[in-house]
Amino acid sequence: MDDSNRLTKTKEQWARARRGGEEREVFYDGDERLPPGQHLVENFPVLDLGFKPEIPFSEWNLTIGGCVTTPITWTWEQFLAQPQLTDRSDFHCVTSWSRYDNDWAGVSFRHIIAVVNPLSLARFVLFKSYDDYTTNLTLEACDDDDVLLAHSWNGKPLSRDHGGPVRVIVPKRYAWKGAKWVKEITFSDNDEKGFWEVRGYSNTALPWNNDRYG
Ligand SMILES: Nc1nc2c(c(=O)[nH]1)N[C@H]1C(S)=C(S)[C@@H](COP(=O)(O)O)O[C@H]1N2
Ligand SMILES: [Mo]
C-alpha cells in the first residue's frame, strides 16, 4: 500500500470510529502494526489507581460466576493446574505508548469459557480486581485465542507492579481493558461499565480505530 492510500485508509478508520453509534467493534484490516496516535516504547510503564495490592499466593483466589452453569473459585494451586497457554502480543495503552512482543503465560480465556460454561444469555463479562478496579468487555471480545489470565511475563513471574499474581491480557483492546490483580470474573446479560468506562473512556476501546473515548 502506498503512503497516501494508507493515510486515506487510516483517516477513514478514524472517521468511522468518531462517528459514534452503538456498535463500533470493526477491526482495522490495514497492515500497520502501530495503531494511530501511538508511539513505541522499549520499557514497560506502570499504571494504576495509586496503590498496588499485595496478595500472598496463600490468600489469592479467583472467582468466576454469574450467568454460567458451573461457577468456580480457584486457589493458586488450582489455577496453576489448569492447561497453560503462552502467547506473544503487543500492548497498547490509551495514554499513547505501545510495547511490542510481550510473552505472556497463563490460562486462556477460552479454557475458562469451557470450564464455567456461560449460558446463552451471557453476552458481557465484568472483571473486578483486588484494588477494586473494574473493566467490562463483550464475551465476543474475550472469546479470542490471544486473551488470557497471565501469571508470567517474558519468562518470569508477573511482578506486583504489573498486576501479579494474575492479570488479564486482551491484546486487541487498549490495555485498560486488562484487569491487573484480577479477583472476580462475572458473566452477565447486562453490560455493566467499569472504572474508566464510566469516566468517559470508550466501551469498545479498539486501538486501530483510535477508539479512546466513549
Ligand atoms: N486492577 C487494575 N488493573 C488495571 C489498572 C488499574 O489501575 N488497576 N490500570 C489499567 C490501565 S489504564 C493500563 S494502561 C494497564 C497498565 O498495565 P501496566 O501497569 O502493566 O503497564 O493496566 C490496566 N489494568
Ligand atoms: Mo491506561
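Read the figures in this text as sums done on the coordinates, not as results from a lab. Treat the numbers as computed from the prediction; the structure is a model and nothing was measured. FYI the Cβ positions are ideal-geometry reconstructions off the backbone, even for glycines, and counts take in every protein chain you see.
Data table
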read-out	value
Cα gyration tensor shape for the range 40-98, rounded if a/c is under 1.5, else prolate or oblate	prolate
By average C-beta atoms within 10 angstrom, highest first, the peptides 40-51, 147-158	147-158, 40-51
Per residue convex hull volume, Cα atoms of the range 3-209, in Å³	119 Å³
Residue with peak Gaussian network fluctuation, the chain [Cα springs, cutoff 10 Å], from ASP101, ASP143, ASP31	ASP31
Student exercise, the chain dipole from Lys, Arg, Asp, Glu Cβ charges, in Debye to nearest 20	380 debye
Point-to-point label distance, THR86-ARG123, nm (Cα→Cβ direction, 7 Å offset)	3.9 nm
Charge-dipole axis of the chain as Lys and Arg at +1 and Asp and Glu at -1 on Cβ define it, positive-most pick from LEU62, SER188, GLN38	GLN38
About the Cα centre, charge dipole magnitude for the range 85-136 (Lys/Arg +1, Asp/Glu -1 at Cβ), debye	240 debye
Dipole magnitude of the range 30-129, debye to nearest 20 (Cβ charges: Lys/Arg +1, Asp/Glu -1, about Cα centre)	380 debye
Cβ-based exposure ranking for LYS172, LYS180, in which fewest neighbours within 10 Å come first	LYS172, LYS180
Highest-fluctuation residue, SER120, SER89, SER188 considered, GNM on the chain with Cα pairs under 10 Å	SER120
Protection proxy ranking of 77-87, 193-203 - average other beta-carbon atoms within 10 Å, highest first	193-203, 77-87
Count, lysine Cα pairs under 29 Å in the chain, 8 or more residues apart or across chains	28
Percent RCO, i.e. relative contact order, over the chain, from Cα pairs under 8 Å lying at least 6 residues apart	25 percent
Helix-only mean residue ellipticity at 222 nm for the chain, each DSSP H run of n ≥ 4 adding -39500 (n - 2.57), per residue, nearest 500	-4000 deg cm²/dmol
